[in-house]
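J.: Handing you a structure now.
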Amino acid sequence: MLISKQKPLEEILSYLEGEKSVFLVGCKGCAEGWGSGGEKQVAEMRKTLQEKGKGVSGSVVVDMLCDGALTKLKLRAYKKEIAAGDSILVLTDGAGVQTVAEVVDKVVHPGCNTLSAGGAHAEWKEAESCLECGDCVLEFTGGLCPIARCSKHLLNGPCGGSQYGKCEVDPSIPCVWQQIVDHLAKLGQLDKLERFVAPKNWSVSLTSGPPIKRFS
Amino acid sequence: MKTKSNLEQVLESKIFAVTGELGPPQSADAEVIRRKAKILKGNVDAFNVTDGQTAVVRMASWAACLIAKEEGLDPIVQMTCRDRNRIALQMDVLGIAALGMNNMLCLTGDHQKFGNHPNAKGVYDLDSIQLVKMVKDMRDEKKFQCGEAMAVEPRLFIGAAENPFADPFEFRAARLAKKVTAGADFIQTQIVYNVDKFAEWMKMIRDRGLHERVKILAGVAPIKSVGAAKYMKTRVPGMDVPDSVVARLQGVPKEQVSKEGIKLCIDIIKQMREIEGVAGIHLMAIEWEEAVPEIVEAAGLLPRPKLAT
C-alpha cells in the first residue's frame, strides 16, 4: 500500500505549462483507496483542467498501475487518445508514475506526492521504485526516481561515477541518471535536464519529518 | 576580482595556472601537513586538501588547509555533501571564510561504500550543483539557502569538479553548463590519461562557449608503478586509463617505471597546454608530493607568479 496525496493544483498546472492537452491516468488500487487518483478523482481532475482551459484527450483508471504488464496492455487500448495529448498526468504514487513512464514513450507528469508505504514496505523491497519521500520529483527526471534509484539521491545528476550505464557503487546497479538521460533523449526532452533543480523539501519525508503529525 | 584568492588572480591574469593536492593524514599529525606544504610551496598557485577522499576518515580539509596556510600557501578547501546536510555545509562555509580561506571546491563526494566506514549513513541532502549555487548565493546575494540575509558574506572563489570520462559522455557538457550557471568560477577535472577523449570533451565545452565562462584546470597525475596504472584502470570508478599508458610503463625496466610515470605526466601537461580553453592544470601527486617540483620544472611552469594579495 502506497499512500499518496494530490500535489497542489498550481504545481500540477505549472508542469502542464505550454501544453494544450493531457491524458489522465489513475489507479483502482492504492490511489483509489487514498482518494488521490481513483475513478472519482480522475473525473474531478478532468473537470478542473477543462475549467482551467486545458484539453483532456482521454483517461483511464487501471486496476494495478504498478503492474507493468497489465498497464502496458490497458494503455494499448488508448493509443489514439494518448497520442492526441501532449503528455500524461498520472494521479498515483511514484511507483505508478514510473510504471507509466516505463511502458509509454511520452512525457509523464506526477500528480501526487507519495507519503508512506503504510507499513507494507517489506512486500516491495526487491522492486522498490518509490521511497515515499513526500515531495515527488519525477517531473524533473523523466519519470524515473533518483531518490529511490540513485546511490547519492542526485537531483542534478549524473555524478562522475557513472560509467557504461552502471553505478560506481555496484556494477549490478544500473545508473538511473544514464536511464533518465536516455529516456529524455528518446522523447526529445533532454533540454529539461539543463534546468537547475533546487534542494528538496525533506521535512515531508518519513525519515526527516515528524511522521506522527501527518496521521493526526 | 571576486575574492582575495591567489588562484583567482593567476587565472584572471591569463597565466596558465597550477594547482596541487595535499592528502591529509589518517591521524592528528600536523607535521605531515607542514612537510607536504613545504614541498608544494613555490611550485603551485593553490592546492586542494581532500575532504575524506574515497570516504576514508582523515583530518578535516579545513583544518589541514589552515595548517598549510600558515606555511604561506593558498588553500582550496574541499567540501563534500556526503557527510553534511545544508545546515552543516553553510556553517562550515562561514567558518572557512572567517579563517581566511579564499577557495572552496564543491563536491558531491565519494560514496561511503568505498571507505573504511561502509556502514555510515550517507547524507546527500544537496548535490554538488546545489552546493555551488548555495555558496554563490551566500557570497553574492548575502543569503542563506533558506532565503534569510546575513551581515558578512563568505568571499570564496568557487570550484567544482568534472569527470570528462564518465557517462553519458554526450551529456557531460550540458551538466557542466549547469554547474557554471549555478556559479562555479573554476573547474578541476578528473585525471587525464586519455588525451584524445579529453580533447573531444573540450571541443564540446568550447562549442557551448563554456571555456569563456569558467576556468578549466585539467587534472594530471604521475603514475608510480605498473600495478598502480592497472589498479586505476580497473578498480577506480570514473577513471579512463588507455592500454597505451599501461604499455608505456611496462616498456621500461622496473627500476625506471616511476621515472617514466613522471615523464608521461609531463608529456600530458604539455598536450594540455596546447588545447584551447584549458586554463591550467590540477596536479594530483597523491602520496607522492616529492614528484611535484620536478614535474612543474620540467613542464616549463616555473617560476610561479608572485602576485600581490
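Where a number appears in this text, it was derived from the coordinates with a stated rule and is not lab data. Predicted model only: the values in this text are computed from it and were never measured. Virtual Cβ from ideal backbone geometry, glycine too; neighbours counted across all protein chains shown.
J.: Of the numbered conditions (1) facing another protein chain (nearest Cβ under 7 Å); (2) not in a loop (DSSP other than H, G, I, E, B), A:A148 fails exactly one; give the number of that condition.
T.: Unmet for A:A148, out of (1) facing another protein chain (nearest Cβ under 7 Å); (2) not in a loop (DSSP other than H, G, I, E, B): (1).
J.: Could you please find all residues in region B:277-309 being under 16 Å from the mean Cα position of the chain (by Cα) and over 15 Å from B:G20 (Cα atoms)?
T.: Selection gives B:V278 alone.
J.: Let me ask something additional. Output the residue which, of all residues in region A:176-198 that are of a type outside the set (A, V, I, L, M) and in contact (Cβ under 8 Å) with a residue 24 or more places away in the chain, is nearest to the other protein chains (Cβ to nearest Cβ).
T.: Ranking the qualifying residues of region A:176-198, first place goes to A:F196.
J.: Hey, another quick one. Take the residues in region B:133-152 that are within 23 Å of B:D51 (Cα to Cα) and part of a loop (DSSP other than H, G, I, E, B), then tell me which one is nearest to the other protein chains (Cβ to nearest Cβ).
T.: Within region B:133-152, the subset within 23 Å of B:D51 (Cα to Cα) is B:133-139, B:144-145.
Within this subset, residues satisfying the condition of being part of a loop (DSSP other than H, G, I, E, B) are B:144-145.
On the way: B:F144: 12, B:Q145: 6 Å.
My answer is B:Q145.
Conditions tested, residue by residue: (1) in contact with a strand residue (DSSP E or B) (Cβ under 8 Å, 6 or more places away or on another chain); (2) of a type in the set (D, E).
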residue: B:D51; (1), (2): yes, yes
residue: B:R58; (1), (2): no, no
residue: B:L66; (1), (2): yes, no
residue: B:Q78; (1), (2): yes, no
residue: B:D83; (1), (2): no, yes
residue: B:I96; (1), (2): yes, no
residue: B:M104; (1), (2): yes, no
residue: B:G109; (1), (2): yes, no
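J.: Across region B:231-262, what is the total count of residues that are assigned to a helix (DSSP H, G or I), away from every other protein chain (no Cβ under 14 Å) and free of Cβ contacts under 8 Å to residues at least 24 places away in the same chain?
T.: 11
J.: Still on this structure, I have one more. Which of the residues spanning region B:102-135 are of a type in the set (G, A, S) and crowded, with 20+ Cβ neighbours inside 10 Å?
T.: B:G109, B:S128
J.: Could you check region A:24-71 and list, in sequence order, the residues that are among the β-branched types (V, I, T) and touching a strand residue (DSSP E or B) at 6+ places or on another chain (Cβ under 9 Å)?
T.: A:V25, A:V42, A:V56, A:V60, A:V61, A:V62, A:T71
J.: Just the residues that are surrounded by 20 or more Cβ atoms within 10 Å (Cβ to Cβ), in contact with a helix residue (DSSP H, G or I) (Cβ under 8 Å, 6 or more places away or on another chain) and more than 16 Å from B:I216 (Cβ to Cβ), please, taken from region B:4-35.
T.: Within region B:4-35, B:G20, B:L22, B:G23, B:P24, B:I33 meet the criteria.
J.: Could I ask something else about it? For B:M204, indicate whether it is in a helix (DSSP H, G or I), more than 20 Å from the chain's Cα centre (by Cα) and under 30 Å from A:D170 (Cβ atoms). I'd like the intermediate steps shown before the answer.
T.: Values: in a helix (DSSP H, G or I): yes; more than 20 Å from the chain's Cα centre (by Cα): yes; under 30 Å from A:D170 (Cβ atoms): yes.
So B:M204 fits the description; yes.
J.: Then there is this: Restricting attention to region B:174-193, which residues are aliphatic (A, V, I, L, M) and at the interface with chain A (Cβ under 8 Å from one of its Cβ atoms)?
T.: B:A174, B:A177, B:A182
J.: Tell me, which helices (runs of 4 or more DSSP H) wholly within region B:17-127 include 2 or more residues that are touching a Ser or Thr at 6+ places or on another chain (Cβ under 9 Å) and within 22 Å of A:S151 (Cβ to Cβ)?
T.: none
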